[in-house]
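Submitted below is the structure of interest, expressed as structure tokens.
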Amino acid sequence: MEKQVLESSEERTFQYQDSLPSLPVPPLDESLSKYLDAVKPFLNQEEYQRTERIVKKFGNGIGKELHQKLLERAKTRRNWLEDWWLNVAYLDLRISTQIHCNMAGPGPYIEHYWPPKEGTQIERASVNVWHTLKYWDLLRVEKVAIERSGDAVLDMHQFRMLFCTCKIPGVTRDSLGSYFKTETEGECPSHLIVLCRGRVFAFDAIYEGSMVTPPEIFRQLMYIQKRCHNEPDGPGLAALTSNERTKWAELREYLIGLDPKNLTLLEKIQSSLFAVCLDDSSPHATPEDYSEVARLGLTGDPTVRWGDKSYNSIFFSNGTCSAFCDHSPFDAMALITMLSFAEKKIIENEGKWKGSDKVRDMPWPEELVFTVDQKIINEIGRTKELYYKKVSDLQLVNYAFTSFGKALIRKKKLHPDTFVQLALQLAYYKCHGRPGCCYETAMTRRFYHGRTETIRSCTMEAVEWCKSMLDPSDNNYQRLQLMHKAFAKHNKMRKECENGKGFDRHLLGLLLIAQEQGLPVPELYVDNAFTTSGGGGNFVLSTSLTGYTRFNGSTLPMVPHGYGFFYAIRDDRIVATCSSWKSCPETDAEVLCRTVFQCFQDMLQLTVVAQL
């Protein structure tokens, strides 16, 4: 009796979903004044006055009407942004989303129990997959802990998308297929797919009612690997997911037309728990330099990853690994929570399986053999060629700054995330001689189905401080004062954004209302200031904190002349991934990253020197 009471009082993962507050629509005048504040660093006096007039006109005219219509929309929806965002940010895109939108990050296990070592690929994959399956099990019975920010419960909806989720290409717009169900909701698919040497296999993770163990997973993966290594390579159909979306949608339709069995196989991939990818590369990796494994995780062999799958777990030949994900169903934090759970278990068990070695006599994995013709074979070849041409232009570094980390920054009473953001602003200013418009992700998960808001890190306060740092006639006391002002401003913006008081999503909503009503695009959005300051996806710096764990990941730059800059802040170090395009002569990921690390030192120095 006692135990029952205890169990029923435990929180269930999704129990507060229905009581989360709706996503608010901020007051129009507040959003517009924040917008004006944000464009200031990029305009001269004359341009600013022009933009000010445009914004005023918008606020008293069409903007007012659009805002009223947005408020109407918000009345009937718990999240007025949700379906719009999914479409505009992800599903409507026609470029190769696998290259431009997917996110990836290296496994940090090389820092403890799994240093790079040939011959460990399948063994480690088995243990890792098993811990991931245990997490799926916990999610099914709603035993995954609810996340909170202070006292506020956070939305857990994204966690449903970690498993059994896949994007499906459409000719004009993609769709998301999600087949996950909790135990209360009903049956949930329980098979995994495995990609190896251009071939696709599947096996069930449940046998006779219980989960497969690492030795059993090992048996299945070994069978697949042996076959792939002893037989000719498969066609590499998975590469097609890296195409531009309309092209992939048309090829998918063509495949289904070739043989209806192909649709059954595609649906088997779509509904699978996740994809296990066996990659033949052996990327170099050290705790201080993850560059190669990070690059291959993001842009490695396209025939052994399913770009549309919400989670691909990639294992390289030397036992290093990476996660690779479609970005549309969730943001990085949900994934990192799951990966951290698995990592904690791996550490507790010293990287080994300590249970029974017994292997049941289960059915062998089945191969998903697609009916293909010469046209498809040719298309796969063409797609791979295009893919490699595009990704060979990528410059990506993933380094650890090891002089200090969160512990020392906190000791100085500074916010670690703001510390990195300001260092990045200073570094960009040093490298490029001008302010860099910057997108930092803020999480709006305290609201129902909340995802993100934009923190625009390049503030007037940050720019004033950067100028002071580079002006030899300023003294350290002035610089420190300006730095504290810049910190205060950034911290205030972050708080506002997390509480639904940002302005970027609001401005997007107003634009989408205008589009839905068939109205002309308001002047505010075609004004040069809008684009120059980063609006409409034109941010030169695309950035995000991936949290305070060992997990760090990244996406590619938003614009051809931009950078991706992603970082994890640990007690004793800051691990950053910086990317840029080689074809842009002005940008250099290596130089920017090294400059940011130098700026960390300069900022710390400032807090010391100014105190003397």
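The values are calculated or read from the model by the stated rules, or taken from the named source; none is laboratory data. Worth saying up front: this structure is predicted, and the values here are computed from it rather than measured. Cβ coordinates were reconstructed from backbone atoms using ideal geometry, including for glycine residues, and neighbour counts include every protein chain displayed. Remember, those area values only see protein heavy atoms, side chains included, never the ligands or the DNA or RNA. Shrake-Rupley method; radii C 1.70, N 1.55, O 1.52, S 1.80 Å.
Using a basic spin-label model with each label point 7 Å from the Cα along Cα→Cβ, how many nm lie between His229 and Arg78?
Modelled inter-label distance: 5.0 nm.
Something else about it: Under 19 Å from a label point 7 Å along Cα→Cβ of His112: give me every residue in segment 350-381 with its amide N that close.
Those under the cut-off are 350-355.
Relative contact order for the chain: what percent, with Cα pairs under 8 Å and sequence separation of 6 or more?
20
Please give the net charge around Gly186, taking every other residue with its beta carbon less than 15 angstrom from that of Gly186, where Lys and Arg add +1 and Asp and Glu add -1.
-1
Going from most exposed to least, what order do Asp18, Asp393, Asp308 have by accessible area with a 1.4 Å probe?
So the residues, ranked largest to smallest area, are Asp18, Asp393, Asp308.
Report the accessible area of Glu183, computed with a 1.4 Å probe over the heavy atoms of all protein chains in place, in Å² rounded to the nearest 10.
Accessible surface of Glu183 is approximately 110 Å².
Given Cα pairs under 8 Å that are at least 6 residues apart, what percent is the relative contact order of segment 463-612?
On the way: 161 pairs, mean separation 21.6, N = 150.
That works out to 14 percent.
Keeping all protein chains in place and using 1.4 angstrom, which order do Phe218, Phe163 fall into by accessible surface area, from largest down?
Greatest to least solvent exposure: Phe218, Phe163.
Considering only protein heavy atoms and a 1.4 Å probe, what is the carbon-and-sulfur percentage of the accessible area of segment 114-196?
Working: 1580 of 3180 Å².
It is 50 percent, rounded to a whole number.
Now for a separate question. Give me the percent of the accessible area of segment 359-467 that comes from carbon and sulfur atoms, probe 1.4 Å, all protein chains in place.
52
List the relative contact order of segment 160-287 as a percent without decimals, with contacts defined as Cα pairs under 8 Å and 6+ residues apart.
Relative contact order, segment 160-287: 37 percent.
Please calculate how many Å² of accessible area the chain carries per residue, with a 1.4 Å probe and no DNA, RNA or ligand atoms counted.
Using a 1.4 Å probe on heavy atoms only, each residue of the chain averages 41 Å².
Moving to a separate point now. Given the Cα-Cα distance of Glu590 and Asp137 and 0.36 nm per residue of separation, how much length would full extension add, in nm? Intermediate values should be presented prior to the final figure.
On the way: separation 453, 0.36 × 453 = 163.08 nm, distance 4.13 nm.
My answer for the length gained is 158.9 nm.
Mean residue ellipticity at 222 nm from the helices of the chain, using -39,500 (n - 2.57) per DSSP H segment of n ≥ 4 over the full residue count, to the nearest 500 deg cm²/dmol?
Computed mean residue ellipticity for the chain: -13500 deg cm²/dmol.
Follow-up question, since we're still on this one. Each residue of segment 153-164 in turn: what ³J(HN,Hα) in whole Hz from Karplus with 6.51, -1.76, 1.60 and θ = phi - 60°, glycine and Pro shown as x?
5, 9, 4, 10, 3, 4, 5, 5, 8, 5, 10, 6
Filter Lys57/Lys467; Lys406/Lys492; Lys411/Lys492 down to the pairs with a C-alpha to C-alpha distance above 26 Å, please. Each step should come with its number before you reach the end.
On the way: Lys57/Lys467 33 Å; Lys406/Lys492 20 Å; Lys411/Lys492 20 Å.
Violating the 26 Å Cα-Cα cut-off are Lys57/Lys467.
Select one label from [x] 1.10; [y] 0.99; [z] 0.97: the one whose number is Rg/Rh (Cα atoms, Kirkwood Rh) as derived from the coordinates shown.
For Rg/Rh (Cα atoms, Kirkwood Rh), the calculated option is [z].
Any idea how far the Cα center of segment 550-593 sits from the one of segment 506-534, in Å?
29
Additional query: Within a Cβ distance under 11 Å of Tyr290, other residues only, what is the Lys/Arg minus Asp/Glu net charge?
-2
Going from most exposed to least, what order do Trp364, Trp306 have by accessible area with a 1.4 Å probe?
Result of the area sort, largest leading: Trp364, Trp306.
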